[in-house]
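Read the structure below first, then the notes.
Here, each number is a calculation from the coordinates, and none is a lab measurement. In this text the structure is predicted, and so the values were computed from the model without any measurement. Backbone-built Cβ (ideal geometry, glycine too); neighbour counts: all protein chains shown.
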Amino acid sequence: MTLKTHMLHSMRDHLLALHEILDALGRDDSDEAAQIAESRLGMSSLALHGANKAAPYMPPAMRRPG
Ligand code: HEM
């Protein structure tokens, strides 16, 4: 899979994750919402998204911490 395809795949999963978070919140399941947010959008998702591969192509301002 090319890096571009991987990036778009991750982005579509971001959208799906937001949908699943809203669905969990609609069922009053904040534990599940939090688990999805952390594993698919949060810091724990960096490896899943291959962030270290994509980061060198991001604009300099995005690569600066804080
Ligand atoms: C909740 C967070 C995010 C959502 C819902 C989201 C959603 C999306 C969607 C729907 C696309 C278009 C995908 C497609 O064309 O199939 C996209 C593209 C993209 N996103 Fe995100 N995104 C999120 C966060 C981020 C973050 C944090 C970054 C960078 C670190 C990022 C970088 C990009 C890039 C580089 C593209 C490709 C733009 C292009 O086609 O040139 N996104 N995103």
message: Suppose we filter the range 12-47 for residues that are over 21 Å from R64 (Cα atoms) and either within 14 Å of the ligand (Cβ to nearest atom) or β-branched (V, I, T) (or both); how many remain?
response: 17
task: Considering only residues that are within 9 Å of the ligand (Cβ to nearest atom) and free of Cβ contacts under 8 Å to residues at least 24 places away in the same chain, look in the range 48-66 and name the one that is farthest from S10 (Cα to Cα).
output: M62
query: If we scan the range 32-41, do we find a residue that is part of a helix (DSSP H, G or I) and loosely packed, with under 12 Cβ neighbours inside 10 Å?
result: no
